[in-house]
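The values are calculated or read from the model by the stated rules, or taken from the named source; none is laboratory data. Everything numeric in this text was worked out from a predicted model, so none of it was measured. All Cβ positions, even for glycine, are placed from backbone atoms using ideal geometry, and neighbour counts span all protein chains on display. Just so you know, the surface numbers come from the protein's heavy atoms only, side chains and all, with ligands and any DNA or RNA stripped out. Shrake-Rupley method; radii C 1.70, N 1.55, O 1.52, S 1.80 Å.
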Amino acid sequence: MRIYKIGIGDMVSFLYASGHLSSETFQNVSLLDGIRAHQYLQSQYGSSDQAEVPIQLEVNDQDYQLILSGRIDGILVRDGYTLLEEIKSTRFNIFDPEFQMNPEHLAQLKMYAFMYMKVQDIKEIDGRVTYIQLSDYQVRHFDHIFHLDDLEEFFKTSLHKYLKWLDILYDHEQKKMASLETLVFPFDSYRRGQREMMSAVYQTMIEDDLLYAIAPTGIGKTMATLFASLKSLKDDTQKIFYLTAKTQGKQIALDSIEMLQEGTLESKAIEITAKDTICFLEKRECDPKKCPFAKGFFDRLPDATLDIFQNEKLMTRSVIERYARKHMICPFEFSLYVSYFADLIVCDYNYVFDPITHLIRYFDEENYKPLVLIDEAHNLVSRSRDMYSATLSVSSIIKLRRSGTKLKPTIRTGIKHVLDAFDKLDAMIDDQSFMAMKSPDEGFLDAIKYLMKKIENALKEQPAYAKKADVLEGYLDMLRFIRIYDYYNDSYVTNIEKLDDDLSITLRCLDASAFLLDTVKNKTYGSVFFSATLYPIEYYQTLLTQGQGETLKIQSPFDYRRLKLVVMDRISTRYQDRSASITHVIDVITAMVNTRKGNYIVFFPSYQYLNQIVDELPMMDADILIQSRDMDILLRHELLERFKEENERTQLAFFVMGGMFAEGIDYIGDMLNGVIVVGVGLPMINDTNNQLKDYYQHQFGMGFNYAYQYPGMNKVIQAVGRVIRTVSDYGVAILIDDRFGSYAYQKLFPPEWKSFETIRSTKKLEQILSAFWIQMD
């Protein structure tokens with residue numbers, strides 16, 4: 001006998017969702033907004049009324065034991081009769097002549113009505129679907145009278161249809177769990193440190209714990225974390241999220257999953273790609289009148305889901321796109337829906353940690369138990385601060401004014417309120433370019449809310465407004481600003497900045513660790529933060545999860561003697577010394593290139609410094625490749641291909657630390673023979689970074705370290721890490737800056753740098769490098 005626990009909401013969504021996707025759909029009424037609207041209506045209930053009433057019904061036959069459950073929004077008593085109320089909040093105009101009750105909502109009410117009548121042993125019940133507008137809390141009722149006999153057929157038919165889908169999921173789950181029992185590691189042997197990491201990850205997931213792991217390049221950390229997490233799975237509510245900040249990281253994870261699936265693993269894995277990236281339109285417009293993939297989306301979604309689930313195991317972006325085109329549905333929303341039935345989800349950090357764009361069903365509800373793997377976790381410190389920050393500018397409001405100029409009723413007064421609020425800020429900042437406040441002006445927030453109400457009312461009256469997408473873009477920027485303000489606390493500061501003729505206000509989060517810790521501790525069931533460069537690990541623990549979590553430091557599997565690390569500590573690359581350093585830096589570059597033909601990269605802390613060196617560079621027997629500030633993905637790909645080719649001449653590249661070429665790329669074998677890192681990678685010294693310094697000093701007594709030194713050193717380690725990617729690689733790395741000679745920096749060197757050599761002349765450098773190449777070749 002198969003035992004199924006069926007959530008009524010899930011069932012009716014799968015069976016009866018219908019209609020189009022629209023911009024309003026994408027506003028994705030937040031859980032908090034929905035709860036507030038529900039609570040507003042329920043606060044008006046009488047003393048004999050009940051709110052949020054759980055209901056359960058068990059149905060048995062010879063093949064199934066079905067436990068159906070849900071929660072009735074309201075059980076009301078009206079004129080002596082019992083009435084069941086299903087409440088739905090919406091941003092749509094519920095009084096529009098074209099507004100209709102959603103079949104899914106009626107189906108949910110019918111299911112609750114049938115279950116209630118069966119439980120209470122009655123034959124008739126009144127029901128009501130109530131819609132509440134979030135803009136003004138006005139309501140509209142759709143009333144019904146239900147009879148048990150009439151709903152019996154609806155109930156049985158719905159169950160019969162849904163059981164077909166549940167049986168497919170059940171069969172997959174049985175195959176998956178059986179395959180996990182027999183799943184073997186896909187390689188003949190473990191790399192050094194790999195088994196140690198797998199054991200730690202497995203224990204973390206089993207014990208619903210938190211782990212930080214320094215996992216050096218070459219130990220196979222992607223396969224280790226995925227394999228161990230898969231082995232820890234115990235039930236179908238658990239899902240593995242593999243998070244990464246870069247496309248390259250996603251591809252390695254997908255390749256590892258594919259390798260396991262080519263073995264014995266029976267699993268469904270999906271890649272989630274950003275909405276703007278995967279959109280089929282040239283310019284994204286989520287309007288069923290303009291996008292054929294939005295029109296009728298929900299009508300075609302079940303067939304598309306069934307099709308891809310039964311025919312694919314690894315649902316990459318290209319696979320999602322193929323099925324989305326086949327069924328004419330939005331690829332992004334399709335991927336999100338299919339993820340509910342996948343076992344592994346590969347995506348960006350923001351789908352778990354961003355307060356606005358995180359996946360609500362996984363991290364705000366209790367349907368699933370996410371196991372989270374955070375790759376290249378050093379990136380999450382700055383990313384998390386950005387996720388909890390928001391900015392509005394005068395230029396964005398003026399753009400909104402142009403887009404909404406023909407809206408009726410007009411939004412002009414709302415626009416004026418906001419621009420007047422900006423004028424007050426402008427007067428406060430006066431002739432300065434930057435000013436910080438402990439908290440934003442309440443009048444400014446009120447003006448934003450007033451304009452948002454104006455826009456909501458106008459779009460209710462003109463749902464087909466020609467520039468609706470542009471208006472909604474501005475609206476959503478303001479909505480994010482207001483929602484971020486809900487998180488505002490002592491770790492925030494409000495910045496007013498004037499750049500050229502534009503004025504902006506930013507709610508800036510200086511420390512998101514409390515928010516990340518809440519997600520990790522209360523919304524996931526095991527989390528592993530890992531990277532090759534979590535040095536010092538206490539810094540990342542502090543700024544990501546407030547010091548909580550176990551730690552694991554794995555030794556590099558590579559022979560440290562295969563990397564010739566040189567410190568040139570007689571050259572200052574500080575900003576005020578850069579002009580004087582140019583000749584010395586060029587001498588070092590020349591010495592490296594002269595000792596052996598090959599592929600080399602020189603990493604700089606800024607484009608300005610890079611260009612200063614390039615401008616003074618003498619003629620060399622080398623092809624010069626230069627990273628530009630506005631370089632696109634295609635040009636980046638072309639440049640990388642140059643490193644892969646067999647070249648008669650030396651390839652000498654000039655890149656920026658922390659940029660697109662500095663991490664997440666494997667320069668294997670002769671693709672890269674050496675790097676020079678110019679400077680200690682300090683972030684630019686400016687007002688915003690000094691805010692971080694002051695905050696970290698006050699909170700931890702580590703102002704300069706946390707704001708400047710450690711982030712800079714991470715970029716240095718990442719750059720050097722490009723040289724040795726496999727056990728057969730060998731090469732050179734030269735660090736140029738007098739600060740590299742100090743204990744303050746050398747204590748941050750990874751253990752595998754222990755044999756570095758300090759050299760203070762280019763003549764000696766050429767001798768040392770020549771000897772190294774002779775030895776290794």
Scan region 294-307 for residues that are more than 24 Å from the chain's Cα centre (by Cα), open to solvent by less than 20 Å² (accessible area, probe 1.4 Å) and among the hydrophobic types (A, V, I, L, M, F, W, C) and report the count.
-> 3
In region 392-429, the residues that are open to solvent by 90 Å² or more (accessible area, probe 1.4 Å) and touching a Ser or Thr at 6+ places or on another chain (Cβ under 7 Å) = none
Answer yes or no: is there a residue in region 204-222 that is without any contact (Cβ under 8 Å) to a residue 40 or more places away in the chain, within 21 Å of H378 (Cβ to Cβ), surrounded by 14 or more Cβ atoms within 10 Å (Cβ to Cβ) and not small (G, A, S).
-> no
Spot the failing condition for I356; the list is (1) modelled with pLDDT of 95 or more; (2) within 18 Å of K449 (Cβ to Cβ); (3) not acidic (D, E), and only one is missed.
-> (1)
Taking helices (runs of 4 or more DSSP H) that do not extend beyond region 686-777, which have at least 2 residues that are β-branched (V, I, T)?
-> 710-720, 762-776
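Conditions (1) under 24 Å from Y162 (Cα atoms); (2) touching a Ser or Thr at 6+ places or on another chain (Cβ under 7 Å); (3) open to solvent by less than 70 Å² (accessible area, probe 1.4 Å); (4) of a type in the set (D, E), marked per residue:
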| residue | (1), (2), (3), (4) |
| --- | --- |
| D49 | no, no, yes, yes |
| D96 | no, no, yes, yes |
| L106 | yes, no, yes, no |
| V119 | yes, no, no, no |
| G127 | yes, no, yes, no |
| Y131 | no, yes, yes, no |
| D136 | no, no, yes, yes |
Odd one out for T277 among (1) in a loop (DSSP other than H, G, I, E, B); (2) farther than 30 Å from T726 by Cα; (3) open to solvent by 50 Å² or more (accessible area, probe 1.4 Å); (4) not aromatic (F, W, Y) | (1)
Residues that are crowded, with 17+ Cβ neighbours inside 10 Å, among the aliphatic types (A, V, I, L, M) and under 40 Å from the mean Cα position of the chain (by Cα), drawn from region 593-621 | I601, V602, L610, I613
Could you tell me which residue of region 223-256 is modelled with the lowest pLDDT, considering only residues that are β-branched (V, I, T) and either open to solvent by 10 Å² or more (accessible area, probe 1.4 Å) or over 20 Å from the mean Cα position of the chain (by Cα) (or both)?
-> T247
Pick from R322, R317, R383: which is over 27 Å from R480 (Cα atoms) and out of contact with any Ser or Thr (no Cβ under 9 Å at 6 or more places or on another chain)?
-> R322
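Listed here are the residues, each with its yes/no results for (1) within 18 Å of E153 (Cβ to Cβ); (2) under 36 Å from the mean Cα position of the chain (by Cα); (3) open to solvent by 30 Å² or more (accessible area, probe 1.4 Å).
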position	(1), (2), (3)
I55	no, yes, no
L68	yes, yes, no
R78	no, no, yes
Y81	no, no, yes
Would you say R322 is part of a helix (DSSP H, G or I), over 30 Å from I374 (Cβ atoms) and open to solvent by 30 Å² or more (accessible area, probe 1.4 Å)?
-> no
Unique match (being over 26 Å from the mean Cα position of the chain (by Cα), in a loop (DSSP other than H, G, I, E, B) and modelled with pLDDT of 95 or more) among E196, E266 = E266
